[in-house]
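For reference, the structure is listed below as structure tokens.
The values are calculated or read from the model by the stated rules, or taken from the named source; none is laboratory data. Quick caveat, the model's predicted, so the values are computed rather than measured. Cβ coordinates were reconstructed from backbone atoms using ideal geometry, including for glycine residues, and neighbour counts include every protein chain displayed. Surface accessibility is based on the protein's heavy atoms, side chains included, excluding ligands, DNA and RNA. Shrake-Rupley method; radii C 1.70, N 1.55, O 1.52, S 1.80 Å.
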Amino acid sequence: MTLPTKVIDRLFDRLALSYGSEFKNKWSNVDANTIKSHWAHELSTFEDNLKAIGWALEHLPDNCPNLMQFKTLCKQAPKPDYKHLESPKAPLELVDSEILKMVKTLVEPQKDKDYKAWAKRLKARDEAGEVLSPHQIWSYKTALELLPKPK
């Protein structure tokens with residue numbers, strides 16, 4: 001990702017106005033598009049926070065900064081102040097009734113629920129010829145009380 005061309009053009013215009021020939025002569029031997037492309041790439045970390053670049057332009061040093069100095073200046077910008085929204089408030093009666101429902105499902109055994117269905121499924125798979133691990137076989141036989149009783 002890189003910064004949009006218009007952002008870099010405006011940045012270079014501001015730096016040229018602020019530093020005059022010092023800024024223009026700094027890269028006179030290099031193609032302007034190459035320099036702008038490099039700055040756009042290096043400053044892309046501020047793509048979602050262009051205010052940091054604006055802040056850096058308002059706090060320029062006395063001498064013309066190079067790219068790394070300008071990037072460091074951008075990093076010194078105050079962090080954006082995001083407004084935090086309050087969490088929506090649910091009526092206490094609703095909260096209490098939902099908590100009570102959850103507790104009931106955890107505490108009260110569910111009628112008509114086959115708590116050994118997993119063991120019956122493993123047994124059916126074993127009887128159908130599927131290869132099960134010894135632990136799976138021992139688990140379903142233990143759960144379904146199919147192991148011989150110790151004497």
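Considering each residue of region 19-63, count those that are β-branched (Val, Ile, Thr), within 27 Å of the chain's Cα centre (by Cα) and open to solvent by 30 Å² or more (accessible area, probe 1.4 Å), and give that number. Summing the residues that are β-branched (Val, Ile, Thr), within 27 Å of the chain's Cα centre (by Cα) and open to solvent by 30 Å² or more (accessible area, probe 1.4 Å) in region 19-63 gives 1. For region 9-18, a residue qualifies if it is under 18 Å from residue 74 (Cα atoms) and open to solvent by 90 Å² or more (accessible area, probe 1.4 Å), and the qualifying residues are 10, 13. Being exposed (fewer than 11 other Cβ atoms within 10 Å of the Cβ), in a helix (DSSP H, G or I) and out of contact with any strand residue (DSSP E or B) (no Cβ under 8 Å at 6 or more places or on another chain) is not true of residue 1. Selection within region 64-80: residues that are over 17 Å from residue 15 (Cβ atoms) and open to solvent by less than 100 Å² (accessible area, probe 1.4 Å). The member of this set that is farthest from the chain's Cα centre (by Cα) is 78. Every condition in (1) more than 20 Å from residue 72 (Cα to Cα); (2) free of Cβ contacts under 8 Å to residues at least 12 places away in the same chain; (3) not basic (Lys, Arg) holds for residue 48 except the one numbered (1). Residues in region 62-76 that are polar (S, T, N, Q) and either in a loop (DSSP other than H, G, I, E, B) or under 17 Å from residue 25 (Cβ atoms) (or both): 63, 66, 69, 76.
Would you call residue 83 free of Cβ contacts under 8 Å to residues at least 24 places away in the same chain, assigned to a loop (DSSP other than H, G, I, E, B) and open to solvent by 100 Å² or more (accessible area, probe 1.4 Å)? The answer is yes for residue 83.
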